[in-house]
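Structure, as structure tokens:
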Amino acid sequence: MAQVYENRVVLFADILGWKQETAENQGERLLEALSHLGEYGRLHNESIRRSLKSGTFETEDGVFTGTVNPRFLEVQYAAFSDNFAFSMPADFGPRILTSAAFLMRQLLRMGLLLRGGVTSGQLYHKDSAVFGPALIEAVAIEQTADAPRILISPRLAVEWNSWPPSGGSEFILDQFGDTVLNPFDFPFAPASVSVDVVQSFVEENYFFGEIKSLITTKISAFESAGNERVAAKWRYFRDFIEGPVLEVQPFLRQFWDS
């Protein structure tokens, strides 16, 4: 019998507050959120992979011809309303966290929090067909996350710690002492780039002023409404940034405080 499973790293995540957002609004923000999720589906599906393998791919800007990084063809993605699964071959290491961090920041700017779990193991994943022991474990990790964070399995964190340093901090310990995704990982050693490069990257990718204001507004609104459960989620995220994120990347504090 042919081998069905591959050894892959997988992220399973859930957008928090989806039910409340559905009940209170007309759906425009949910559609926008889905558009961010859908972008991964448009990039990573079997039809696109076949076109890219042929060396020709039609886009809105014309026809792309050339060689594609074969690693790009190994990425798989599936979305199911307010949750999604994203996977890559296990030897890609923590690269999956870069995509997850970008999506987490995009949803955060919309006022939506993300909770998830990342692990590795035996998995079958082709577009929307995804199953296997690794997915079951990732879902279980997501369900224990409690706070709006993406938990990384302890076993995987140990494995990734043995990888050559990337210059960044893709995963860190949060205020509960658990290993989690750092959505504000700076991908270069700060000393290796100019101050202007650091400032430009932070302004174009992290939107600290916008996010800080949004978090403050959310906490105040939910506390005033007596919704302590949701207010606590936003306080967690504020404390996560002002504590662990800035502690491991102190050079970012000037941008958060400004």
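Annotations
- Just one of the numbered conditions (1) out of contact with any Ser or Thr (no Cβ under 9 Å at 6 or more places or on another chain); (2) surrounded by 14 or more Cβ atoms within 10 Å (Cβ to Cβ); (3) at pLDDT below 90 is not true of D174: (3).
- Condition met for A232 (of a type in the set (A, V, I, L, M, F, W, C) and loosely packed, with under 13 Cβ neighbours inside 10 Å): no
- Taken together, the residues in region 203-239 that are of a type outside the set (V, I, T) and either assigned to a loop (DSSP other than H, G, I, E, B) or within 17 Å of L16 (Cα to Cα) (or both) amount to 19.
- Residue match in region 90-107 (condition: among the hydroxyl-bearing types (S, T, Y), in contact with an Asp or Glu (Cβ under 8 Å, 6 or more places away or on another chain) and at pLDDT below 95): yes
- When region 123-146 is filtered for residues that are among the hydrophobic types (A, V, I, L, M, F, W, C) and either assigned to a strand (DSSP E or B) or modelled with pLDDT of 95 or more (or both), the ones remaining, listed by number, are L123, A129, V130, F131, A134, L135, I136, A138, V139, A140, I141.
- Residues of region 122-159 that turn out to be within 19 Å of the chain's Cα centre (by Cα), under 24 Å from D185 (Cβ atoms) and surrounded by 13 or more Cβ atoms within 10 Å (Cβ to Cβ), as a count: 16
- Here F184 clears all of (1) at pLDDT 95 or above; (2) surrounded by 12 or more Cβ atoms within 10 Å (Cβ to Cβ); (3) in a helix (DSSP H, G or I) except the condition numbered (3).
- Filter result (within 19 Å of W256 (Cβ to Cβ), of a type in the set (G, A, S) and under 21 Å from the mean Cα position of the chain (by Cα)) within region 176-212: G209
- The single residue among A231, A221, A147 that is touching a helix residue (DSSP H, G or I) at 6+ places or on another chain (Cβ under 6 Å), under 16 Å from L113 (Cβ atoms), free of Cβ contacts under 8 Å to residues at least 40 places away in the same chain and not polar (S, T, N, Q) turns out to be A231.
- For the condition assigned to a helix (DSSP H, G or I), under 15 Å from the mean Cα position of the chain (by Cα) and of a type in the set (K, R), R105 qualifies.
The values are calculated or read from the model by the stated rules, or taken from the named source; none is laboratory data. Keep in mind it's a predicted model, so treat the numbers as computed, not measured. Heads up, the Cβs are rebuilt from the backbone with ideal geometry, glycines too, and the neighbour counts pull from every protein chain shown.
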